[in-house]
Amino acid sequence: MSYPLRRLRRLRTSEKIRQLVEETTLTPKDFICPVFVQEDLKTRLKVESMEEIERLPLDDVTDEIGTISDLGIPAVMLFGIPSQKDEEGSSAFDDKGIVQKAISQIRSNFGDKIVIMADVCLCQFTSTGHCGIIKENKIDNDTSLETLANIALSQAKAGVDTVSPSAMMDGQVSAIRKKLDDEGFTDVSIMSHSAKHRSNFYSPFRDAAECAPKFGDRKTYQVPYTNSREAMMEVETDVNEGVDIVMIKPALSYLDLIAETRRRFNLPVAAYSVSGEYALVKAASKLGYVNEKDIREEILYSIKRAGADMIVTYFAKEAARSLQES
Ligand code: PBG
């Protein structure tokens, strides 16, 4: 028998019944918290375009990780800002580099109480600000692969759990996997920025991490935001190269791709809610146009609803705090 009126409002009548039928959950366990560490920095430095985000001196890292871990957040993503940059980005694979020092400090103070993830890229470390090595005026894919593998190896030696290549060079996952395996680091996992788009949402990050390209743009390596089949090819390629976690980046304008990746693949899916997504909410809430907490939760829930298992987000600490309170 078919009813004339399907009363969907019946299951919305009380807070408890609404809780019972809730399809998506959000907890601090879903978050990966980005952390910026700068070499030779004396005191914390505010990032102008990203309210409440700071670059940390090495000495503050243990404190910060303690705060993050106490909030129930299981993982951090480290980004380093070196004192010296050169064409090869050599401070990125220096065993005494800033990221490597941060990793070993966290490992010795926290053991396996927090998952240590680190960005594997070159743009913070190259004088060109590009994510690969330049040869004959072009970003040379295969030369860059060797360097990216060496960065991952030096992070593995320092004690990283998960390396996270974000350079968008073809073959970066297999180059890194091979190097790690050859050197005995079979347990170090790879969370690749599989489909990282050529996005305009990264500009506050470039301020945070000093990694804007000195010339040109990233169009020859990042995925165009017009192409979803190409994005799926990127994910598929990483899966075939042995990646452990795939990532879609940015998140909010790319929910379709998160959903599609969830449907097509069985590996864990991460979403990176990037600096521009964060800055927009912060700016609008500062002007009093939106309620920050409500908007933040709606955005994070929607990323989970689309199919992400975990979210890299600059809201990690604030969101964890308010989720713990509610
Ligand atoms: C660089 C890198 C970028 C981000 C993460 N890693 C910037 C870029 O590609 O220009 C952006 C993250 C964010 O905006 O939060 N490899």
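Quick note: the coordinates plus some simple rules give every number you see, no bench work behind them. Keep in mind that this is a model prediction, so the values were computed, not measured. Neighbour counts run over all protein chains shown; Cβ positions are idealised from the backbone, glycine included.
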- [ ] Run down Thr143, Thr126 and say which single residue is more than 11 Å from the ligand (Cβ to nearest atom) and either of a type in the set (Ser, Thr, Tyr) or touching a residue at least 60 places away in the same chain (Cβ under 8 Å) (or both).
- [x] Thr143
- [ ] Sort out which residues of segment 104-122 are crowded, with 22+ Cβ neighbours inside 10 Å, over 16 Å from Ile190 (Cα atoms) and either aromatic (Phe, Trp, Tyr) or more than 16 Å from the ligand (Cβ to nearest atom) (or both), and write them in order of number.
- [x] Ile106
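Please tell me if Glu48 is touching a residue at least 60 places away in the same chain (Cβ under 8 Å), closer than 30 Å to Gln324 by Cβ and not small (Gly, Ala, Ser). Write out each step before concluding.
Numbers: touching a residue at least 60 places away in the same chain (Cβ under 8 Å): yes; closer than 30 Å to Gln324 by Cβ: yes; not small (Gly, Ala, Ser): yes.
Yes: the conditions hold for Glu48.
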- [ ] Taking the residues in segment 177-201 that are in contact with a Gly (Cβ under 9 Å, 6 or more places away or on another chain) and touching a residue at least 60 places away in the same chain (Cβ under 8 Å) as candidates, determine which candidate is nearest to the ligand (Cβ to nearest atom).
- [x] Phe201
Open item on the list: I'd like the full set of residues that are among the β-branched types (Val, Ile, Thr) and free of Cβ contacts under 8 Å to residues at least 60 places away in the same chain, limited to segment 9-34.
Closed with: Thr13, Ile17, Val21
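Quick check on segment 189-211. Is at least one of its residues hydrophobic (A, V, I, L, M, F, W, C), over 22 Å from Ile311 (Cβ atoms) and not in a strand (DSSP E or B)? Spell out the reasoning first.
From segment 189-211, those hydrophobic (A, V, I, L, M, F, W, C) are 190-191, 195, 201, 205, 208-209, 211; that's our starting set.
Filter once more, so that each one left must be over 22 Å from Ile311 (Cβ atoms): none.
No, there is no match, as no residue in segment 189-211 is hydrophobic (A, V, I, L, M, F, W, C), over 22 Å from Ile311 (Cβ atoms) and not in a strand (DSSP E or B).
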Open item on the list: Looking only at segment 188-226, filter to residues that are more than 15 Å from the chain's Cα centre (by Cα) and of a type in the set (Phe, Trp, Tyr); which one of those is nearest to Glu241 (Cα to Cα)?
Closed with: Tyr221
Task: Selection status of Lys219, surrounded by fewer than 22 Cβ atoms within 10 Å (Cβ to Cβ), within 16 Å of the ligand (Cβ to nearest atom) and among the charged types (D, E, K, R) - done: yes
Open item on the list: Cβ-Cβ distance below 6 Å, separation of 6 or more or different chains: which pairs start in segment 287-309 with a residue that is free of Cβ contacts under 8 Å to residues at least 40 places away in the same chain and end on one that is not in a helix (DSSP H, G or I)?
Closed with: Arg296/Phe315
Task: Looking only at segment 262-298, and only at residues there that are within 12 Å of the ligand (Cβ to nearest atom) and of a type in the set (Phe, Trp, Tyr), the one that is nearest to the chain's Cα centre (by Cα) - done: Tyr272
TODO: Scan segment 309-326 for residues that are of a type in the set (Ser, Thr, Tyr) and within 20 Å of Ile116 (Cβ to Cβ) and jot them down.
DONE: Thr313, Tyr314
- [ ] Identify all residues within segment 217-241 that are in contact (Cβ under 8 Å) with a residue 60 or more places away in the chain and more than 24 Å from Lys178 (Cβ to Cβ); write none if there are none.
- [x] Arg218, Thr220
TODO: Being over 14 Å from Val120 (Cα atoms) and touching a strand residue (DSSP E or B) at 6+ places or on another chain (Cβ under 6 Å) narrows it down to one of Leu78, Leu45, so name that one.
DONE: Leu45
